[in-house]
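Report on the following structure.
FYI, it's all coordinate maths here, none of it is from the lab. No experiment lies behind these values; they were computed from the predicted model shown. No Cβ is skipped: glycine too gets one built from the backbone with ideal geometry, and neighbour counts run over all protein chains shown.
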Amino acid sequence: MKWVTYDAGDGARTGVLAEDSVRGLAPGTTLLGLLTDGQLAEAGEGALRDPHEVRDLADVVLRAPLPRPPSVRDCLCFLDHLRAGYRALGRDGDLHPAWYQTPAFYFANADGIVGPYDDVPISPGCSMFDLELEVGAVIGRGGRDLDPARAEEHIVGYTLYNDWSARDIQLRDSAQGIGMGKSKDSAITLGPALVTVDELEPHRRDGRFTFELSAEVNGKELTRGTLAQMDWSFGEVVAFVSRGTDITPGAVLGSGTIPGGCLLEHVDTPDLAGFSRWLQPGDVVSLRGEGLGETRQTVRAGLDVLPLSSGF
């Protein structure tokens, strides 16, 4: 099933996509609530059989399927993305052994979630604004200290994930040495739907999903790839994240950037797609995923920075 959060003019509702319509559940029902209560499959069957309302897809606005997840962790599962980023910054592409020992992740801002068609303002004070093509895995069944061989069973479905990044601010975050801060704080796109695992099974080969993913800026393709390129699988990520702590229904885990799926990796490409190498107001960014749908968002000017009493 493809679960959505939508607005037909009377507030956010939860529903299931069925061709060109949305079959809505009763007001007050949320996707997070259904996941927490373990009622997602039953509720979906009910919505298809006897919906509370039916709306044409063209008449609603799709929001992020999980507008406020309980937690968001963004991982780095594609080591080729890291190598390319290092080279773009003039560093050696060789990786420290730690990258091969465990998956890496940071806690992202669950309050920064935006919908698949929302405008995205440039982060305040940023002159190097970037997109990142990712897939988000959503936890459907909680757990703790999970077995890597079975941990993927705790994922209920997947959604497109855009990790908007302020690269110049990221350099300052890195210098401070305690992880990502304001460089990753302003926006994360989820959507257009949470697609359940069963619907994506036809795209699985040799235990991994192989559906095609791509990113475009102003109609020009930036990259194309698949989850089969992951160095760390989602099962390994879920198991690692659950070590010594509870992972709860609705938690989102980003895959990290598909190789080539951000402008940072292309800073040496002349006139890439006919626009300046960093995003500017008016640029249109689209992510696509086979079986997952498409996001389409316009970049807008950000606010000026209000300086602190000292520093920036």
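Peptides 75-81, 135-141 ranked from most to least packed, by the mean per-residue count of other Cβ atoms within 10 Å: 135-141, 75-81.
Pairwise Cα separations in the range 147-227 fall into 5 Å bins from 0 onward with the following percentages, short to long: 3, 11, 14, 18, 15, 16, 14, 7, 1. With distances taken between every two different alpha-carbon atoms, the range 49-99 has a Kirkwood hydrodynamic radius of 15.8 Å.
Along the range 132-148 the Karplus relation, 6.51 cos²θ - 1.76 cosθ + 1.60 evaluated at θ = phi - 60°, assigns HN-Hα couplings of 8, 7, 9, 10, x, 9, 10, 6, x, 10, x, x, 8, 6, 6, 6, x Hz to successive residues, with x for each Gly and Pro.
Of the chymotrypsin sites (Phe, Trp or Tyr not before Pro) found in the range 192-260, not one falls in a DSSP loop while having at most 13 other beta-carbon atoms within 10 Å.
Across the alpha-carbon atoms of the range 92-148, the computed radius of gyration and Dmax are 16.6, 43 angstrom.
Along each principal axis, taking the top coordinate minus the bottom one, the Cα set of the range 2-63 gives 30, 21, 17 Å in descending order. Within the listed set 199, 216, 42, the residue fluctuating most in the Gaussian network model of the chain (springs between alpha-carbon atoms under 10 angstrom) is 42. Ranked from largest, the principal axis spans of the Cα set of the chain equal 58, 43, 41 Å. A viscosity of 0.692 mPa s and a temperature of 37 °C, combined with the Kirkwood radius over C-alpha pairs in the Stokes-Einstein formula, give the range 172-312 a diffusion coefficient of 182 µm²/s. Each 10 Å bin from 0 upward holds the following percent of the Cα-Cα pairs of the range 48-152: 9, 28, 33, 21, 7, 2.
Of all DSSP beta bridges confined to the range 2-63, the antiparallel ones make up roughly 100%.
Approximating the spin labels as points 7 Å out from Cα along Cα→Cβ, the residue 309-to-residue 36 distance works out to 3.9 nm. Cross-link reach is defined here as a Cα-Cα straight distance under 30 Å, omitting same-chain residues fewer than 8 places apart; for residue 2 the lysines meeting it are 184, 220. Sorted on the mean count of surrounding Cβ atoms within 10 Å across their residues, most packed first, peptides 159-166, 181-188, 13-20 read 159-166, 181-188, 13-20.
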